[in-house]
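This report refers to the structure that appears directly beneath it.
The values are calculated or read from the model by the stated rules, or taken from the named source; none is laboratory data. The shown structure was predicted, so the numbers you read here are calculated from the model rather than taken from an experiment. Cβ placement follows ideal geometry from the backbone for every residue including glycine, while neighbour counts extend to all protein chains displayed.
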Amino acid sequence: MIARALAGVVISCAIAIAAWRAGALSRSGAAAAVAVGTAALAAGWSWGALLFVFFVSSTSLSRAQRELKLRRTESVVAKGGARDAMQVLANGGLFALAALTSLVAPAIPCMTIGIGALAAATADTWGTEVGTLSSRAPRLITTWRPVAAGTSGGVTVAGLLASAAGGTVVGVVAWLVHWPPNVAVAAAVGGFSGALADSLVGALWQTKRRCALCESLTERVVHSCGVVTQRIGGISWLDNDSVNVLSGLVGAVVALAVVR
Ligand SMILES: [Zn+2]
């Protein structure tokens, strides 16, 4: 285990530095990624492989057509570009905790919780990245009203299909690295459920703000035009990172239910 943890530090540093230099992670995001990667590899090579698949697929999808997506969402989303530590931990924190816990606790429940959370992060990221590229306007998951690209809770058919695919790919990789088949199935189901929960919570309770100058809805505290926006609804502390944490929890709980 010590040898794997040491290898984990080296491998995670190499990947995090490359991602930081490519602009995919901020400095703090790279540090958090090293912590998550080391925890995963300490738990086992299969944990590391799963994290690697999440990281590489999500980063590649984020970088595809990046200019177009930034242009479509910049007036709405609070954080674009390099992912910071809060974003990395919101997506990978529960997975890392489950990985470390598996060293001292029964493996199957830890694997199920970890992969459920990771599959939810994968499904959510794939859905967001593919959905933003969709030529159709997203619709709010609750009312089916068209909303601006980047709006939390907005979904497209392409995005939902991508979410289902993202969760399934994590499940297939789990099966390939010889995790139990029921855990692999739980990953696919938990992942898609977590992504749906992310959209639902985003639509219902996430902080909503409005720019008085542009008369547009946004998640940004300072709008792309430079004006400070006002909160007009949602729960004040419920930002995108907290919604991602909740989504991971839903993925883990649903995965546990599937395995039972
Ligand atoms: Zn504005």
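Every listed requirement among (1) in contact with a helix residue (DSSP H, G or I) (Cβ under 8 Å, 6 or more places away or on another chain); (2) in contact (Cβ under 8 Å) with a residue 40 or more places away in the chain is met by A203 save one, (1). I'd like to know if segment 11-27 contains one or more residues that are under 27 Å from P180 (Cβ atoms) and modelled with pLDDT of 95 or more. The answer is yes; a qualifying residue exists. T156 satisfies every condition listed in (1) within 16 Å of the ligand (Cβ to nearest atom); (2) among the polar types (S, T, N, Q); (3) touching a Pro at 6+ places or on another chain (Cβ under 9 Å) except (1). Filtering segment 172-218 to residues that are in a loop (DSSP other than H, G, I, E, B) and of a type in the set (A, V, I, L, M, F, W, C) leaves V177, W179, W205, A212, L213, C214.
Can you find even one residue in segment 120-128 that is farther than 18 Å from V173 by Cα, under 14 Å from the mean Cα position of the chain (by Cα) and crowded, with 20+ Cβ neighbours inside 10 Å? Within segment 120-128, one or more residues are farther than 18 Å from V173 by Cα, under 14 Å from the mean Cα position of the chain (by Cα) and crowded, with 20+ Cβ neighbours inside 10 Å.
Among the residues of segment 2-44, those identified as out of contact with any helix residue (DSSP H, G or I) (no Cβ under 6 Å at 6 or more places or on another chain) and not small (G, A, S) are I2, L6, V10, I11, I15, I17, R21, R27.
For segment 170-182, the count of residues that are on the phi < 0 side of the Ramachandran plot and either at pLDDT below 95 or under 15 Å from the mean Cα position of the chain (by Cα) (or both) is nonzero. Please indicate, with yes or no, whether at least one residue in segment 133-148 is part of a helix (DSSP H, G or I), closer than 26 Å to L238 by Cα and at pLDDT below 95. Yes: one or more hits.
On inspection, V189 passes the criterion of being over 14 Å from the mean Cα position of the chain (by Cα), β-branched (V, I, T) and more than 16 Å from the ligand (Cβ to nearest atom).
For segment 219-252, give me each residue that is within 16 Å of the ligand (Cβ to nearest atom) and either surrounded by fewer than 17 Cβ atoms within 10 Å (Cβ to Cβ) or under 28 Å from N182 (Cβ atoms) (or both). V221, V222, S224, C225, G226, V227, V228, Q230, R231, I232, listed by residue number.
Before we move on, is R63 charged (D, E, K, R) and over 20 Å from T122 (Cα atoms)? No.
In segment 48-83, of all residues being part of a loop (DSSP other than H, G, I, E, B) and touching a helix residue (DSSP H, G or I) at 6+ places or on another chain (Cβ under 9 Å), the one that is farthest from the ligand (Cβ to nearest atom) corresponds to A64.
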